[in-house]
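Notes for the one structure printed next.
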Amino acid sequence: MAEMTANPTDIGKHYDERAPIGDEFRGGQLHMWYWYDRDDDAPLPEAVHRVTRKVTDVLGLRTGEHVLDAGCGSGEASLFLARRHGVRVTGVTVSDYELDTARRRAATAGLTDMADFRYGDYMRLPFEDGTFDAVLALESLQNAPDLPTVLGELFRVLRPGGRIAFSDFSLENPGGEPERVERFMTTLKLPALPTLHEWLEHVRAAGFEVEEYTSCGPRVFGMKGKYLQAAMARREEVAGKFGEADIAEFSRLHRGFFAPRKDQIGYVVVCARRPR
């Protein structure tokens with residue numbers, strides 16, 4: 001399988017192109033959804049928010065802690081943490097659209113004193129050692145051009161005893177029709193697609209102690225048909241806001257995302273701790 005690398009500017013442009021319409025469909029968040037089964041009638045934004053809760057709950061956040069949202073998207077997850085847990089959140093992104101939107105949402109919510117958003121590359125974080133109590137990374141590590149470097153940076157900026165929680169895609173079934181997975185990786189600009197075991201090995205190699213992990217691909221990528229159904233139900237409404245040409249381009253950009261079979265793409269949630 002061919003490897004692909006992308007610099008922060010490329011990744012920022014990638015999300016600038018996709019985030020506005022993706023935000024509209026998913027209620028302000030860009031990451032994946034979680035449906036229990038085909039009969040689950042949760043709206044798409046609620047299904048997406050389930051992933052936010054699933055990943056952030058394992059952090060065990062306490063009021064007053066300082067959290068780094070590494071690859072913060074348009075800020076909804078950060079604002080959720082500030083409201084629900086009373087924590088301070090610093091979000092970093094390489095997308096200009098996401099940064100502007102996150103700052104605007106924080107101001108509208110009256111949370112600028114608790115949620116600060118900055119343009120920043122997690123390969124070279126502008127923070128002192130041990131700055132944060134916890135790190136959140138919702139589907140952002142997968143775009144790292146050098147995963148060991150990024151995990152090393154996140155380890156560095158965490159205090160001893162600090163926690164990291166992330167969710168990302170994984171390679172679930174490496175055999176058969178690898179070209180489908182390759183189209184998926186190219187579409188999402190993934191330099192690599194680790195298995196669950198490989199994700200855990202990367203985390204441990206960076207010095208973290210893995211405390212919890214789960215693989216829930218069938219309820220995430222396995223429900224891509226429900227996403228398409230939900231998106232099509234709102235297509236005309238969203239086209240009225242953005243224009244038919246933009247919707248058509250958004251669909252074209254995402255075509256490769258749907259190429260893999262349901263059993264080929266997994267989804268992992270991992271929580272680990274920097275040793276005390």
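The values are calculated or read from the model by the stated rules, or taken from the named source; none is laboratory data. Remember, predicted model here, so these are calculated numbers, not experimental data. Because the Cβ atoms are built from the backbone with ideal geometry, glycine has one as well, and the counts that use them run over all protein chains shown.
Just one of (1) in contact (Cβ under 8 Å) with a residue 60 or more places away in the chain; (2) closer than 23 Å to Pro20 by Cβ fails for Glu182. It is (2). Just one residue in the set Leu200, Leu196, Leu190 is in contact with a Ser or Thr (Cβ under 6 Å, 6 or more places away or on another chain), among the aliphatic types (A, V, I, L, M) and surrounded by 15 or more Cβ atoms within 10 Å (Cβ to Cβ); that residue is Leu196.
Restricting Gly60, Gly86, Gly91 to those that are surrounded by fewer than 23 Cβ atoms within 10 Å (Cβ to Cβ) and in contact with a Cys (Cβ under 9 Å, 6 or more places away or on another chain) reduces the list to Gly60.
Within the stretch 215-225, does at least one residue satisfy the condition of being more than 16 Å from Ala165 (Cα to Cα) and touching a helix residue (DSSP H, G or I) at 6+ places or on another chain (Cβ under 7 Å)?
Of the residues in the stretch 215-225, the ones more than 16 Å from Ala165 (Cα to Cα) are 217-225.
Add one more test, that the residue is touching a helix residue (DSSP H, G or I) at 6+ places or on another chain (Cβ under 7 Å), and what stays is 224.
Yes, because at least one residue in the stretch 215-225 is more than 16 Å from Ala165 (Cα to Cα) and touching a helix residue (DSSP H, G or I) at 6+ places or on another chain (Cβ under 7 Å).
Is it the case, given these coordinates, that Arg105 is basic (Lys, Arg), at negative phi, surrounded by 17 or more Cβ atoms within 10 Å (Cβ to Cβ) and not in a helix (DSSP H, G or I)? So Arg105 fails the test. Among residues of the stretch 67-80 that are at positive phi, those with a Cβ under 6 angstrom from a residue that is aliphatic (A, V, I, L, M) and part of a strand (DSSP E or B), sequence gap 6+ or separate chain, pair up as Gly71/Ala137. All conditions in (1) at pLDDT 95 or above; (2) aliphatic (A, V, I, L, M); (3) out of contact with any strand residue (DSSP E or B) (no Cβ under 8 Å at 6 or more places or on another chain) hold for Leu141, with the sole exception of (3). Looking only at the stretch 108-123, count how many residues are surrounded by fewer than 17 Cβ atoms within 10 Å (Cβ to Cβ), under 24 Å from Pro145 (Cα atoms) and either touching a residue at least 60 places away in the same chain (Cβ under 8 Å) or out of contact with any helix residue (DSSP H, G or I) (no Cβ under 7 Å at 6 or more places or on another chain) (or both). Looking only at that region, the number is 2.
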